[in-house]
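Quick notes on the structure that follows.
The values are calculated or read from the model by the stated rules, or taken from the named source; none is laboratory data. Remember, predicted model here, so these are calculated numbers, not experimental data. Heads up, the Cβs are rebuilt from the backbone with ideal geometry, glycines too, and the neighbour counts pull from every protein chain shown.
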Amino acid sequence: MINVINTIDTGHEDMIHDAELDYYGLRLATCSSDNSVKIYDIKSGTQTLAADLKGHFGPVWQVAWAHPKYGNLLASCSYDRKVIIWKEAGEWTKLYEYAGHESSVNSVAWAPAEYGLILACCSSDGSLSIITYIQDSGNWDVKKIPAAHAIGVNSISWCPAISADLNLDPLSNKDAPKRIVTGGCDNLIKIWREQGDQWIEENRLEMHMDWVRDVAWAPSLGLQRSMIASCSQDKRVVIWTSDDNVSWTPTILNTFDDVVWSLSWSLTGNILAVSGGDNKVSLWKESADGQWLCISEVAKGLGQAPNEERSTL
Amino acid sequence: MLVILPGKCFEQKAACVFRHGNKFAIYPRSQTTSNTPIAIENQILDIRQDILLFTPILRKLVNESNGTYLSLQKAAETAKTSDNQVEFLKLSRQYRSIIRVCIENLQEAAAKETDGVNKNSLLSYVTIFYSIECIWHLCEILYVDNIPGDIVLPFLLEWVRFHFPCHEQTAAQLLEACERGSEDHPEYWDTVIGMVVQGRVDVARALMKLHSSVDSNEFKLVDNSLRSMPVYSIYGGISTGEFTISWKHWQAECRSKLTSRVLSSQPKLELIMRLIIGDYSAFESIRDMYTSWFDLLGGWVMFTSPWARRHELGAAAAACAGMTAAAAAPRTHLDLMVRALLDGDLHQVIHEIQQMSDNGWFATHLTDILFHCGKLKILDKHQTNVTGRLRDSLVLEYGCLLMEHKSLWSVGLSYLATCPPEGLRRAELILERMPLHSNAKAMRLLAEAKKYGLHELARGVCVCMSTRALGVDGGGGGGAGVGAALAWAVRARGGGGGGGGAACGRAAARALRAYGARGALPAADLLLTAGPHLLLHDTLLLLGKYCDFHRLYKNREFKKAGKLLVSLITSKIAPDYFWETLLLDTLPLLESDELIFSSEDTYEIMLCLELKSSSLSGEKADLLRLALVRNLARASLAGEESSGE
Amino acid sequence: MPLDVQGTFVSQKINKVKWIPEEYVETNCFLTGSWDDDVNSIKVWTLERIHEEEEDIEYPRPLSEYTVDGDVTQIKLIDNNKIAVSTSNGDVRLLEISAYDKKSPLREIHVWEKLHSFGSDQCSCTSLDNLDGDIATIGEDGNFNILNSRRGEITRTINGADSCSLHSVCFIKHNEVITGNFRGHMKIWDLRSDTNKPAASFLLAGDEMAATCILNHPTQPHIILAGSESGSLAVWDLRINSFPTSLLNAHSAGVTEMQFHPENPQKLLTCSVSGEIWDWNMEAMTKSTKGPDNQVTTWLPLEDKNAMMVNSLMPALHKSINTLHCDKGKIICGADNEAIYLIKNFKY
């Protein structure tokens, strides 16, 4: 049985673009075309609005929670070309504002906490920014990767810190280089690697035939295998696997009826949620023999009152 | 599985975000904007899959079977060096007894339940666990137990009697009443035949003695046939070959008695004779008396091939399952599982039990025990043995499922720990996100992390607790959380993680700033007893030493205090914001009646003052310069005096 | 008769158990407090025979349930029908068990809501102790309160008694209380003193592990025992030293609760996160020296566990045993495997 345990009225005055749960699953941050970011406390079936953050002057596309060892920090990015890092210390305040892009900032992602407090973001101006907090000075250091994707970058995701570099003990693999995957309007997926104080393009993955909308690096399970999921306006979802983070093998998960907008991995990386333009969310799981199977599909019901949700097993 | 959500919610596109495990949220998401705000219901739906095993009654099963599972892992460890089949059998029986207790609890609860829907679901759980126990028992006979000589019949009969008790009560009643003429009882003959097909020949004979014509020749003949049936016993001193010969001889005799048509006046007795010679049509004719073909299986094996070995039961199962019943009931799940089991197709069995709605409890535990008994061999399409992988993937799924429960997480963890390395990595991912509402819970998590060697997790938890303690303090700006933050940071030390050091630094910096703001040093009790832990971070070291300076000063040990202060100044480990405090602290010592600082010390302080003059206001710096110069004069004078004498 | 152990699964992790004392009949009812679940509660149980023919087998049956917010962190008996309960949301409650009908729900006499707190944030009240109606409470906020159970008043508060969270507390005598913190820092408080400074303080060990429980000897209150998160145990005589001189490695993980047998203080019972429950023969720990007119007993520091006759009361569980309570030959203990165990025929 599947149950809707709770509905949260966000009170946003326009479309929601992202909703993210914090590290412990106790708080929900949402952002919307109404230029605001909202934070809710969710406790056993009830939710309360904890903060309504106003600071952007355009639709807010995405939000991202930092690791709690750095305190309660939330990053948001917007059409207004800005990234804002919010901090809770009694109240939520603006900790840092980054305005280094020339166009809409489409995606933000915090680096694995092991690397420190680092934020990556990407923009319609085609560039990426890596923003690092320097603890000793209390300043933020910015590195920019210009012309990463032609026309624009839509999505960015970090490689987990514990990853599958060959010949390294995956559990003590501290020295694996930092990696980022991006998806852009040039139909490409690119993998970036930090080398010294530079970020270099390590790989470009060609498969999609239209804009890449979302890329998501799967959580690492300490196995000698890395996995990236990508989705595109070509209606396809592709799973990329690698055992050395250098050579990548694509598998088409499925071709959908409509554009696929976003992807989300479950906590342990065993389930992938795919959502698309056909108003459906489907959950996919890899079977023991490497096949991807749809285990569940959540679809928009037709003409049912909110209490009549049904489930079939 | 398809979930249909309230329609009005999603005029826009839907997207999904995972919460922990069986919970996720769906929200209307859009990646485009329009020029005019669109009025829509911006609701987020929290969705959860109901987990059967989380109901209180079944939590008992979850916890109790966890104990057995862990004992089994230990037994498997010793089985690597010595045969441990007896132990496995004991544990298999333990599992079954746990299931039976669970069924009892469910029945009890169903009897008390007044709500119809709840009652029905409780009863459906009862059905599920009945089937589970039935299959488990048969598995135990076929794969876990060490059957002497591999002759399975007695065990098979026991299984049939146990799970499909039919006519048992009537038989007992009739025998207890012990009345001649019992055939008047409407179920008399059904009971006698039932006893025969269950292989309870003695009971059948005793019942026949209650028939009013027991002294007739026909009865004597059948009784004699039943009595003289050879029964194989491994300890009987005869070989299976010899037994087979005598048994076939006996059956031939029975057959000839039957063909002599002496029993034609007694159709029931004739039927019994036909059953014991293994006549298929006779068995088929009584099939309708039973709900399933399992009831007949024991009798069929007994009267066709009592010497059958475990792997020879497939044909018997096929024969019994093929008997046409008048009311052709659809093949049940249980049917399929029993058939697959008797056919020896364990892959199919496990596939079938994975379809049961018990959240994988059965598939996980059964696969695990069969795997450890070495009885499971499953090949994939490339003919590679994937048994271990199958067992691991089931245990991982089950473990992760339990980890989602607020209370059962520790049970889940103990499952994941038996599937290294992936299990522990998964555990780590889930545990580091477990909300920690109290120190007690955090400490328990640390104990578990230590038990399973999850040092990185332990460090992460300590650092997060340290950061949170500082956050608690955040509103007041005082030092209330600093002690806790430092204590947690110190715990995060070691193992080369480095996270602990940084956390120490953060907490120490907070303490120094709090002192600067309010003039009271927080966590003095901790700092004065921290000892070698101060070395974890420069700022912490400074804080600890500075605290000691205060102690010495308060105890009026000015010389020692002065010496310590100079060492703090000259070591230059203080952060910029603390220089003013450090330098101004020299003032009262410079002005004291007794000479505290030597001329060398004074020079050092002067040097630092000039280097860090930016951290002091001009007025304060001048005041300090003056005091330093005066002290220098006193010190030189004292130096001359002492050298002059 | 041999030791008889019987487990009952209760679908709650049990953090505290206490027998409910009876004056004229054999004790048959007990309390449990649960933790680490979405909803936690205090339950009253009775032991009863289900099958008349089985004389010795008694099963616990719940009689009443009182749900609380947060985890139950401590339950202490104030008298035969009153209990003080602390919870992880910072509350302390004084509850009454009906003397006539144990089935009737526990009745609230006093509730001190958010007695411990971090301003608006929740803070756990980690433990409490009581002596003749006075209740000492401690919390993660490092604060320490004395409550009067008869008048329902807070008679004394020491804010910031510790800069870390406090985890264990014990009355040494009417005006003296000992507390232990997250780092094993122990402090002795003289309640007659007006200053908020401890009369004495010392570290249980240098390992920065918490002092999880403190206990004093029922007939010789100057004998103090402390259990550590590391599993170690310390015993010392306050007349000789204010601090323990040695620490014994006992359990392989944190000591969760200790109790001297009420009828025979030579017997000590301990349980642990490692899933062990032990009884100790304390005779081996004392040395008697005959003085001119009376016998003086000296306590030796704990040295070797093996030399002290330690018995395991049941095979180690795979999960933590959080609590135990003993009444004559019956011991009850509660564990993280969501079970309670009744141990009968314990010789004391």
*asked:* I'm checking my understanding of the structure. Among residues of the stretch A:27-48 that are in contact with a strand residue (DSSP E or B) (Cβ under 6 Å, 6 or more places away or on another chain) and surrounded by fewer than 20 Cβ atoms within 10 Å (Cβ to Cβ), which one is modelled with the lowest pLDDT?
replied: A:GLY45
*If we keep just the residues of the stretch A:293-310 that are in contact with a Lys or Arg (Cβ under 7 Å, 6 or more places away or on another chain) and modelled with pLDDT of 75 or more, which is farthest from the other protein chains (Cβ to nearest Cβ)?*
A:LEU293
_Qualifying residue in the stretch C:110-118 (condition: away from chain B (no Cβ under 14 Å), outside any strand (DSSP E or B) and hydrophobic (A, V, I, L, M, F, W, C))_ = yes
*Which numbered condition trips up B:THR387, out of (1) surrounded by fewer than 17 Cβ atoms within 10 Å (Cβ to Cβ); (2) of a type in the set (Ser, Thr, Tyr); (3) more than 28 Å from B:LYS60 (Cα to Cα)?*
(1)
*If you go through the stretch C:174-184 one residue at a time, do you hit one that is surrounded by 20 or more Cβ atoms within 10 Å (Cβ to Cβ), touching a strand residue (DSSP E or B) at 6+ places or on another chain (Cβ under 7 Å) and more than 28 Å from C:VAL111 (Cβ to Cβ)?*
yes
*With the condition kept exactly as written, say whether any residue in the stretch B:11-34 is touching a strand residue (DSSP E or B) at 6+ places or on another chain (Cβ under 9 Å), modelled with pLDDT of 80 or more and either of a type outside the set (A, V, I, L, M, F, W, C) or assigned to a strand (DSSP E or B) (or both).*
no
*Take C:VAL39 and decide whether it is under 26 Å from B:PHE54 (Cα atoms) and not acidic (Asp, Glu).*
yes
*asked:* Tell me whether the stretch C:21-30 contains one or more residues that are within 13 Å of chain B (Cβ to nearest Cβ) and touching a strand residue (DSSP E or B) at 6+ places or on another chain (Cβ under 8 Å).
replied: no
_the stretch B:609-623, residues that are under 21 Å from B:ILE573 (Cα atoms) and part of a helix (DSSP H, G or I)_ = B:LEU609, B:GLU610, B:LEU611, B:SER613, B:SER614, B:SER615, B:ALA621
*Identify the single condition in (1) under 25 Å from the mean Cα position of the chain (by Cα); (2) more than 22 Å from B:ARG287 (Cβ to Cβ); (3) modelled with pLDDT under 95 that B:SER131 does not satisfy, given that it satisfies every other one.*
(2)
*Filter the helices (runs of 4 or more DSSP H) completely within the stretch B:210-304 down to those with at least 3 residues that are closer than 25 Å to B:CYS178 by Cα.*
B:217-227, B:267-276
*Any idea which of B:LEU626, B:LEU637, B:LEU568 is closer than 21 Å to B:ALA517 by Cβ and hydrophobic (A, V, I, L, M, F, W, C)?*
B:LEU568
*From the list C:ILE14, C:ILE42, pick out the single residue that is over 24 Å from C:HIS261 (Cβ atoms), surrounded by 22 or more Cβ atoms within 10 Å (Cβ to Cβ) and in contact with a Gly (Cβ under 8 Å, 6 or more places away or on another chain).*
C:ILE42
*So which helices (runs of 4 or more DSSP H) are wholly in the stretch B:347-434 and hold at least 3 residues that are more than 13 Å from chain A (Cβ to nearest Cβ) and more than 19 Å from B:GLU140 (Cα to Cα)?*
B:409-416
*Among B:PHE219, B:PHE283, B:PHE303, which is the only one that is within 22 Å of B:HIS163 (Cα to Cα), touching a Lys or Arg at 6+ places or on another chain (Cβ under 9 Å) and modelled with pLDDT of 90 or more?*
B:PHE283
*Filter the stretch B:252-265 for residues that are buried (at least 19 other Cβ atoms within 10 Å of the Cβ) and in contact (Cβ under 8 Å) with a residue 40 or more places away in the chain and give the result.*
B:LEU263
*modelled with pLDDT of 85 or more and closer than 20 Å to B:ALA458 by Cα - does that describe any residue in the stretch B:508-526?*
no
*Would a scan of the stretch B:187-195 turn up a residue that is free of Cβ contacts under 8 Å to residues at least 12 places away in the same chain and in the same structural domain as B:CYS254 (by TED's automatic domain parsing)?*
no
*Where residues in the stretch B:454-470 are more than 8 Å from chain A (Cβ to nearest Cβ) and of a type in the set (A, V, I, L, M, F, W, C), which of them is nearest to B:GLY483 (Cα to Cα)?*
B:ALA469
_Residues of the stretch B:154-178 classified as assigned to a helix (DSSP H, G or I), out of contact with any helix residue (DSSP H, G or I) (no Cβ under 6 Å at 6 or more places or on another chain) and under 25 Å from B:HIS333 (Cα atoms), total_ = 3
*Within the stretch A:248-271, track down each residue that is within 13 Å of another protein chain (Cβ to nearest Cβ), more than 20 Å from A:LEU221 (Cα to Cα) and touching a residue at least 40 places away in the same chain (Cβ under 8 Å).*
A:VAL259, A:VAL260, A:TRP261, A:SER262
*Across the stretch B:179-198, what is the number of residues that are within 26 Å of B:TRP159 (Cβ to Cβ) and either part of a loop (DSSP other than H, G, I, E, B) or of a type outside the set (Phe, Trp, Tyr) (or both)?*
10
*Output the qualifying pairs, or none if there are none: Cβ atoms under 7 angstrom, residues six or more apart or on different chains, first residue in the stretch A:272-287 and at the interface with chain B (Cβ under 7 Å from one of its Cβ atoms) and in contact (Cβ under 8 Å) with a residue 40 or more places away in the chain, second residue assigned to a strand (DSSP E or B) and not charged (D, E, K, R).*
none
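Yes/no per residue for (1) at pLDDT below 90; (2) assigned to a helix (DSSP H, G or I); (3) within 14 Å of chain C (Cβ to nearest Cβ):
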residue	(1), (2), (3)
B:THR529	yes, no, yes
B:LEU541	no, yes, no
B:HIS550	no, yes, no
B:ARG556	no, no, no
B:LEU565	no, yes, no
B:LEU568	no, yes, no
B:TYR577	yes, yes, no
B:THR602	no, yes, no
B:LEU607	no, yes, no
*If you scan the stretch B:474-501, which residues turn out to be at pLDDT 85 or above, more than 7 Å from every other protein chain (Cβ to nearest Cβ) and within 14 Å of B:LEU535 (Cα to Cα)?*
B:LEU486, B:ALA489, B:ALA492
*Counting only residues that are of a type outside the set (Gly, Ala, Ser) and assigned to a strand (DSSP E or B), how many does the stretch C:210-227 have?*
8
*Kindly indicate whether any position in the stretch B:582-590 is buried (at least 16 other Cβ atoms within 10 Å of the Cβ), more than 27 Å from B:ALA517 (Cα to Cα) and among the charged types (D, E, K, R).*
no
*Return yes when C:ILE146 is of a type in the set (Val, Ile, Thr) and within 25 Å of B:SER438 (Cα to Cα) and no when it is not.*
yes
